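Data first, discussion second: the structure below is written as structure tokens.
Read-outs throughout are calculated quantities, based only on the coordinates presented, and are distinct from any laboratory measurement. No experiment lies behind these values; they were computed from the predicted model shown. Neighbour counts are summed over all protein chains in view; Cβ atoms, including those assigned to glycine, are modelled from backbone coordinates with ideal geometry.
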Amino acid sequence: MQLKSAALDQIAQFICGDNPLPFPYRSSSRLTTFFTGLGLDYIHRGETRNAWARDAVIDINSKASKEGVFPSDEMIAVIEEVLNPAYFTVGDLEKVNLDAAMALMNRVLKQCKLEVAFDAASGVAKLRSVDGHFVSTAHAAPDVVKKLTFAPKVFEIPQSTEIQHDLVAIMMPFGAAFSRVHDAIKQACDSAHLSNKRADDIWANSTIIQDIVDLIFVAEIVVVDFTGKNPNVMYETGIAHTLGKHVVPITQSIEHVPFDLQSHRVLQYHPNQEGLSKLTLELAARLKTITNGHSW
């Protein structure tokens, strides 16, 4: 299902948050962060804010929707993020009011037989149909979960190491040219209140590949930098995908991203001061989106 034009216009206004709406105001940079934090490549470059936001949600709304009464996964993510409680904990609380914001959003969604409500399991706003079914439970889950069993010959899979849900593993080229990039990634992790490690931070095994596998295995999130088409990073990305990690790709050039992965959202950055500052901001937003609402 796709939302109607009038609903999209209202949602775009909610995202911008101009007074007197009870939503947080978003400047140009925060509009960009709102979308890129969801893995959506919409960059505000000075256009009229409300018109630009409306064009963005119209484009998102046009994507393939879920079967039944729900819009696309991307549109669902936007609606739920507008009511992310984290946005309503700072600022002028007389103007930014979560209950009032939710009431306005539900007035818009009612015509589509949808509403947002707080999910007790996660403590965040979730889209559901008016009959009370949340998106995550709208369709029957598979009765059988297939598990992969394999025995690599080049390295070993750790047997007893517990997952560190606040750990980000960084997979990137080494060398002085990437030292500032590494610093930008670490700053993003700090901003998201996550710890981080790179392969050169550990030396627990006789081979570096085993240290890398151990690091990927225990991390919840893996940031990979495809810049330069580094073969080690490609190999490590394959391991991370196989182990079911949240992989966040970044690159200085989209041409460096393998063809098979170009359908995934990638944070592209420039290696100058402005570009690295932007990388820190956008990557931090993406990390917060991944970790938001998880009780692990």
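So what does the Cα-only Debye profile of the stretch 220-277 read at q = 0.22, 0.26, 0.31 Å⁻¹, as log10 I(q)/I(0), no solvent term?
Here the Debye-derived log intensity ratios amount to -0.85, -1.11, -1.37.
Starting at the first residue of the stretch 217-222, write each ³J(HN,Hα) from the Karplus equation 6.51 cos²θ - 1.76 cosθ + 1.60 with θ = phi - 60°, in whole Hz, x for Gly and Pro.
Those phi angles translate into 4, 8, 7, 8, 10, 10 Hz.
Assuming R0 = 45 Å, can you tell me the calculated FRET efficiency for the pair Ala51 and Ile208, based on Cβ-Cβ distance, to the nearest 0.05?
0.30
I need the calculated FRET efficiency for the pair Lys110 and Glu156, taking r as the beta carbon distance and R₀ as 45 Å, to the nearest 0.05.
0.25
Provide the FRET efficiency to the nearest 0.05 for the Ala117-Ser277 pair, computing r from the beta carbons and using R0 = 35 Å.
0.40
Could you order peptides 215-224, 48-57 by the average number of other Cβ atoms within 10 Å of their residues, highest first?
The most tightly packed comes first, giving 215-224, 48-57.
How many percent of the alpha carbon pairs in the stretch 164-291 exceed a separation of 25 Å?
16
Place a point 7 Å from Cα of His270 in the direction of its Cβ. Which residues in the stretch 165-191 have their backbone N less than 20 Å from it?
Answer for the stretch 165-191: 177-185.
Using amide H atoms built 1.01 Å from N in the peptide plane, name the residues 5+ places from Ile163, or on other chains, whose amide H lies under 5 Å from its own.
none
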